[in-house]
Amino acid sequence: MEKKKILLNLLLILVCILIIVSCFFLYKHFTKGNPEQNNDKQQEISTEPIFTKDNYPKVDGSTATIPLAEAFESNFTATENVEVEHSKTHNAYVKLIDGECDLILVVEPSEDDKEYAESKKVELQYDKVVNEGFVFFVNANNPVDSLSLEEIQKIYTGEITNWKEVGGNDEKIIAYQRPENSGSQNGMLNLVMNGLKIKDAEKETIAESMFDIIDVVSEYDNSSAAIGYSYYYYANSMYVKDDVKMLKVNGVAPNNETIKTEKYPIITAYYAVTRKEDKESLSSKLKDEMLSVRGQKVAEDAGYVPVK
């Protein structure tokens, strides 16, 4: 009797296993061609145009987002060899607020940009499109490879003035800055200084453009003593110099992985910024496409760090 009971239990277990396996294969079979189940996959690999060249919204932005804007327009209109021009962060905000463009790809606005929007009674909508890191770099001949965030702050408040104070050579630090209202300077003040007063820059230590600040660290007189800053994508992909190295911050090197996981300590983003009243417009549709699976893949293929 006991033996029959054991056999019966084993038989029941076998039947249960067969039912579970059958259910699994039935599920796979009936969901294989289900559009709802495969929508994201189809969207990711789709190359069908979403816009025409004629109805594509007018996009502006920062220097570092030019390749991103070109990649989006090329993919969404199925057009090769797209070239765009951006008027830089501050000017892009002004143009968006004044209605001269439909969407901008930029970092967060400066206080002046916010005040200008308020004066024009324009509300802006901000949506993260790609993650970004704010980086510091020195000449490759500088023995310093890493600085703490506190050390960077002290360099730019003027408390630390010599590289030997942070493990480098006995050499005066030449700390370059960017002009007021530039995207890089706004990032420096908001992401790094956090309310600390940045020292007044001498005229010769203000780099007018993003490539200027890399050049002065790379090749000009006293370049080994210089330090500058920018956004990761620009310094890593758009204007790369072999004799410039990016510094670790708090021991973490900036790269796509540390920026994506936010292990790198100075994280920001590029936003698709639109006017709030444009909710049902083509610019709103473009923003949604940028944030779709397809759009995020386009951004990643262009070398940026997706947010999704």
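Figures for the structure shown
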item: Count of segment 213-235 residues which are at pLDDT 95 or above and of a type outside the set (A, V, I, L, M, F, W, C); result: 7
item: Residues (over 20 Å from Val244 (Cα atoms) and either open to solvent by 70 Å² or more (accessible area, probe 1.4 Å) or outside any helix (DSSP H, G or I) (or both)) located in segment 155-188; result: Gly158, Glu159, Ile160, Thr161, Glu165, Pro179, Glu180, Asn181, Ser182
item: Residue within segment 193-208 that is under 20 Å from Glu108 (Cα atoms), part of a loop (DSSP other than H, G, I, E, B) and in contact with an Asp or Glu (Cβ under 8 Å, 6 or more places away or on another chain) present; result: no
item: Qualifying residues in segment 237-273 (those that are touching a residue at least 40 places away in the same chain (Cβ under 8 Å) and among the polar types (S, T, N, Q)) - the one most open to solvent (accessible area, probe 1.4 Å); result: Asn250
item: Residues of segment 109-123 classified as closer than 15 Å to Lys95 by Cβ and open to solvent by 80 Å² or more (accessible area, probe 1.4 Å), total; result: 1
item: Among the residues listed as Val122, Val130, the single one being touching a Leu at 6+ places or on another chain (Cβ under 9 Å), of a type in the set (A, V, I, L, M), part of a strand (DSSP E or B) and in contact (Cβ under 8 Å) with a residue 60 or more places away in the chain; result: Val130
item: Residue in segment 229-246 that is assigned to a helix (DSSP H, G or I) and among the small types (Gly, Ala, Ser) present; result: yes
item: Search result, residues across segment 274-308 that are surrounded by 16 or more Cβ atoms within 10 Å (Cβ to Cβ) and of a type in the set (Asp, Glu); result: Asp278, Glu289, Glu300
item: Single residue of Val82, Val94 found to be modelled with pLDDT of 85 or more and either over 22 Å from Leu282 (Cα atoms) or not in a helix (DSSP H, G or I) (or both); result: Val82
item: Residue in segment 177-186 that is of a type outside the set (Val, Ile, Thr), under 19 Å from Ser224 (Cβ atoms) and in contact with a Phe, Trp or Tyr (Cβ under 6 Å, 6 or more places away or on another chain) present; result: no
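The values are calculated or read from the model by the stated rules, or taken from the named source; none is laboratory data. This structure is a prediction, so every number in the text was calculated from the model and none was measured. Here Cβ is always computed from backbone atoms with ideal geometry, including for glycine, and neighbour counts include all displayed protein chains. For the accessible areas, the whole protein counts, side chains as well, though only heavy atoms, and no ligand, DNA or RNA atoms are used. Shrake-Rupley method; radii C 1.70, N 1.55, O 1.52, S 1.80 Å.
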